[in-house]
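Have a look at the structure below, then the notes.
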Amino acid sequence: MTSPEFSPTGISFEKIDKRFGGLFALRRVSLAIQPGQCVALAGRNGSGKTTLLRIAARLVRPSAGQVSFLDKSGSESQARPVVGYVAHATMVYDELTAEENLVLFGKLEGLKDPRARASVLLEEVGLGDRRTSLVRTFSRGMRQRMAIARALLNEPSVLFFDEPATGLDPQGVNWFADRLRHLRDTGRTILMSLHGESEISALATRAIRLDAGSVIADTSAGATLRSILTFGEAR
Amino acid sequence: MSIGPNTLALLGKELQTEFRSRELLTTTGVFILMVLVLFSFTFDPTSSESRRFGPGLLWLAFLFASSLMLQPCFLREQTNDTLSSLRLAVSDPFSIFLAKLGANTLFLLFTELVMLPIFSVLYSVHVLPQIHYLLLVLFLGSLGISITGTALSAISAQARMRELLLPVLLLPLLTPILVASTEVTVGLLAPEPFMEWKGIGVLAIFDLVFLTAVWLFGEYLLEE
Amino acid sequence: MSKRAILGLLTLCLVVASAYASFYVAPLERTMGPIQKIFYFHAASAWAGMTAFMVCFVANLLYVWRRQVKWDWLGVSCAEVGLVFTTVVLITGPIWAKPVWGIWWTWDWRLTSTFVMWLLYVSFLLLRTLVEEPDRRALFSALFGIFAFLDVPLVYFSIRWWRTQHPQPVVLGGTGSGLEPTMRKVFFFTVLAMHALMALLIAERYLLEKLRGGVDELKREAEAQ
């Protein structure tokens with residue numbers, strides 16, 4: 001597979017507040033994520049997981065506080081690290097083919113040879129034979145692979161996944177867990193929001209639980225992975 | 001990586017998408033045609049009246065058509081949240097706007113050029129003799145419409161009643177375009193054609209002012 | 001007596017005084033007679049409206065830059081008050097035109113540009129009712145407010161030029177142009193009074209918006225429980 005051409009990157013959240021009107025989606029969230037950690041973010045719907053991920057990806061501006069990316073030594077990165085973001089929406093164009101989408105985003109990211117990279121990625125995610133099909137025709141599982149290919153275009157050192165297992169059949173979950181294991185093992189920093197235990201959550205090296213916008217549990221502080229993932233949920 | 005290549009890449013994508021479906025162009029063209037036909041019932045389309053009212057009605061038709069055509073501009077980026085992937089990929093959000101307003105200007109111009117001969121026939125007005133100047137005013141006018149319309153469609157895409165909101169926001173803002181374009185066009189289609197450079201000046205200033213405004217404030221229009 | 005009450009009373013005195021001045025101090029205009037006196041009120045309102053929109057523009061810029069909600073409150077207050085004064089201009093214009101010209105509306109370039117400006121700020125307020133999320137609403141209306149204000153000089157200039165292509169009857173004489181000294185003094189006094197009224201209305205509206213903002217926030221927090 002491709003060798004990592006990125007430098008390990010940590011993420012620092014300092015006193016992050018996010019308000020929507022009068023409502024606090026996030027309250028004074030402070031977290032330090034080490035380079036290479038694979039962090040599972042758990043919490044009920046509305047606990048602030050998606051907001052935290054979007055703020056980290058710089059898609060949403062926090063109302064207060066700041067997010068910074070840190071290099072290996074713990075000081076702030078000089079260059080803005082490459083970030084990959086995968087959510088439920090594919091974030092690619094339905095009316096273009098798989099290849100056209102990746103070439104477009106590749107060009108936008110400034111890749112030297114977007115077409116070659118697109119080819120490689122499509123093979124990697126198992127969409128090689130559908131490269132000239134319109135994304136409109138893809139199934140949910142294929143769409144997710146498309147989204148992952150797009151996120152991996154520019155060799156990101158940090159990856160954000162927002163509920164990646166949604167809508168996937170067991171085979172899809174299997175495939176994703178496999179990819180995730182590889183991404184984790186090559187040293188990328190991963191932050192993913194999850195519901196409950198699964199093949200995917202088993203790959204986490206750390207877990208954090210959010211409730212009503214605040215961090216209420218963290219494996220770094222001694223809680224167990226299982227307790228964080230299954231907190232308050234009926235068995 | 002930088003503005004130029006990013007804008008071109010995105011412009012290419014906008015054009016490619018439209019080229020494949022042609023929905024925007026055909027619907028806009030048909031709309032303008034309908035408006036031109038309906039307008040003909042509101043006055044006596046003899047030659048002298050046509051020259052007086054024709055240009056204004058033509059520009060009015062373009063304005064109405066554009067306020068409809070510009071709706072999907074940012075709305076379609078919501079379907080798969082492609083706006084987020086664009087924002088993540090490009091370093092300067094202005095390139096997103098440049099690409100879209102460039103595409104919209106081209107679409108508008110294309111439709112206008114197709115409608116021009118039809119207008120000429122329906123209203124018995126000679127457009128060919130002054131075609132070079134007409135192209136200039138069509139370009140500057142369409143550019144102004146696209147710049148403001150593209151910016152405002154980013155707003156209307158996130159509001160309620162968006163189909164009505166965009167025209168309500170856009171049309172008063174475009175008053176200078178309507179006035180200046182009409183005056184220039186009237187001058188060009190007069191029995192003794194003349195070029196109203198003052199109007200061109202107004203159009204150019206409008207375009208410059210709003211392009212600068214979009215450059216300064218564009219990223220806030222795309223904020224979540 | 002509270003500061004607010006004192007300011008209110010002062011403004012009231014100014015307004016009453018200017019009305020008195022318009023009717024009794026200013027001399028009768030030669031050609032148009034008593035109806036001309038509406039000019040003081042009409043033109044002063046136009047100036048006050050314009051000032052309100054200018055402050056709105058500054059508030060809009062400050063909101064986009066600082067994102068402090070008070071600028072949003074100021075912006076909407078100025079826009080509403082400016083709109084009220086502009087409505088006065090649009091109503092007093094025809095009231096003046098009818099006896100003098102026999103028709104209500106003449107597409108006089110000043111009135112027409114004022115009408116377009118009126119439409120722009122009506123759209124501004126309409127936009128606010130159609131965006132629900134408060135921060136989004138504040139940002140979008142600020143951005144539209146900036147666009148609208150940048151457009152106003154272009155609107156004025158293009159419509160004024162259009163008038164020279166299609167001459168219309170000039171209903172409204174130039175403000176202050178060719179005004180006899182006493183008339184000029186009364187005019188500027190009325191401008192002062194209208195600005196005082198404008199400031200008072202903006203302040204009151206601002207306080208109202210501030211309270212409303214507070215109530216909304218409490219409501220949302222309660223609903224979230």
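Among the candidates A:VAL60, A:VAL92, single out the residue that is without any contact (Cβ under 8 Å) to a residue 60 or more places away in the chain, within 14 Å of chain C (Cβ to nearest Cβ), among the aliphatic types (A, V, I, L, M) and assigned to a loop (DSSP other than H, G, I, E, B).
Working: A:VAL92 fails: within 14 Å of chain C (Cβ to nearest Cβ).
That would be A:VAL60, the only listed residue that is without any contact (Cβ under 8 Å) to a residue 60 or more places away in the chain, within 14 Å of chain C (Cβ to nearest Cβ), among the aliphatic types (A, V, I, L, M) and assigned to a loop (DSSP other than H, G, I, E, B).
Would you say A:LEU104 is within 12 Å of chain B (Cβ to nearest Cβ) and at pLDDT 95 or above? Quick ask: steps written out before the conclusion?
Numbers: within 12 Å of chain B (Cβ to nearest Cβ): yes; at pLDDT 95 or above: yes.
Here the answer is yes, as A:LEU104 does meet what is asked.
Residue by residue through the stretch A:108-160, note down the ones that are crowded, with 22+ Cβ neighbours inside 10 Å and without any contact (Cβ under 8 Å) to a residue 12 or more places away in the chain.
Answer for the stretch A:108-160, where residues must be crowded, with 22+ Cβ neighbours inside 10 Å and without any contact (Cβ under 8 Å) to a residue 12 or more places away in the chain: just A:LEU108.
If you scan the stretch A:219-231, which residues turn out to be free of Cβ contacts under 8 Å to residues at least 24 places away in the same chain and of a type outside the set (Ser, Thr, Tyr)?
A:ALA221, A:GLY222, A:ALA223
Looking only at the stretch B:125-182, count how many residues are within 23 Å of C:TYR156 (Cα to Cα) and among the small types (Gly, Ala, Ser).
8
Let me spell it out: the conditions are (1) under 21 Å from B:PHE139 (Cβ atoms); (2) within 14 Å of another protein chain (Cβ to nearest Cβ); (3) buried (at least 22 other Cβ atoms within 10 Å of the Cβ), and B:ILE96 meets all of them except one. Which number is the exception?
(1)
Kindly indicate whether A:LEU168 is under 30 Å from A:LEU108 (Cβ atoms) and either in a loop (DSSP other than H, G, I, E, B) or touching a residue at least 60 places away in the same chain (Cβ under 8 Å) (or both).
Yes, satisfied.
Among the numbered criteria (1) at the interface with chain C (Cβ under 9 Å from one of its Cβ atoms); (2) farther than 30 Å from A:THR51 by Cβ; (3) at pLDDT 95 or above, which one does B:SER181 miss?
(1)
For (1) in the same structural domain as A:ALA64 (by TED's automatic domain parsing); (2) of a type outside the set (Gly, Ala, Ser); (3) surrounded by fewer than 16 Cβ atoms within 10 Å (Cβ to Cβ), each residue gets a yes or a no:
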position: A:PRO170; (1), (2), (3): yes, yes, yes
position: A:ARG179; (1), (2), (3): yes, yes, no
position: A:GLY222; (1), (2), (3): yes, no, yes
position: A:LEU225; (1), (2), (3): yes, yes, no
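Can you list the helices (runs of 4 or more DSSP H) found entirely within the stretch B:126-224 that contain at least 2 residues being closer than 30 Å to B:SER48 by Cβ?
Values: elements: B:131-156, B:162-173, B:175-189, B:197-221.
Here the list reads B:131-156, B:175-189, B:197-221.
Mind listing just one residue for me: the one in the stretch B:184-214 that is modelled with pLDDT under 95 and of a type in the set (D, E, K, R) and, of those, surrounded by the most Cβ atoms within 10 Å (Cβ to Cβ)?
B:GLU196
What number of residues within the stretch C:50-109 satisfy the criterion of being of a type in the set (Asp, Glu) and either at pLDDT below 95 or over 12 Å from the mean Cα position of the chain (by Cα) (or both)? Walk me through it before giving the result.
Within the stretch C:50-109, the subset of a type in the set (Asp, Glu) is C:72, C:80, C:108.
Adding the requirement that they be either at pLDDT below 95 or over 12 Å from the mean Cα position of the chain (by Cα) (or both) leaves C:72, C:108.
Of the residues in that region, 2 qualify.
Take the residues in the stretch B:19-61 that are surrounded by 13 or more Cβ atoms within 10 Å (Cβ to Cβ) and aromatic (Phe, Trp, Tyr), then tell me which one is farthest from the other protein chains (Cβ to nearest Cβ).
This residue is B:PHE31.
How about the stretch B:1-18: which of its residues are of a type in the set (Gly, Ala, Ser) and either surrounded by fewer than 18 Cβ atoms within 10 Å (Cβ to Cβ) or more than 9 Å from every other protein chain (Cβ to nearest Cβ) (or both)? So that I can check it myself, show each step before the final result.
Our first condition is that a residue be of a type in the set (Gly, Ala, Ser); within the stretch B:1-18, this holds for B:2, B:4, B:9, B:12.
Within the stretch B:1-18, B:SER2, B:GLY4, B:GLY12 qualify.
Does B:SER120 satisfy the condition of being within 17 Å of B:ILE32 (Cα to Cα), surrounded by fewer than 20 Cβ atoms within 10 Å (Cβ to Cβ) and away from chain C (no Cβ under 14 Å)?
Yes.
Out of the residues in the stretch B:184-216 that are acidic (Asp, Glu) and free of Cβ contacts under 8 Å to residues at least 60 places away in the same chain, which is nearest to the other protein chains (Cβ to nearest Cβ)?
Step one: filter the stretch B:184-216 for residues acidic (Asp, Glu), giving B:192, B:196, B:207.
Narrowing further to those that are free of Cβ contacts under 8 Å to residues at least 60 places away in the same chain: B:192, B:196.
Details: B:GLU192: 15, B:GLU196: 8 Å.
Checking each candidate, the answer is B:GLU196.
The values are calculated or read from the model by the stated rules, or taken from the named source; none is laboratory data. Keep in mind the model is a prediction, meaning the values are calculated, not measured. Every residue, glycine among them, receives a Cβ derived from its backbone with ideal geometry; neighbour counts consider all protein chains shown.
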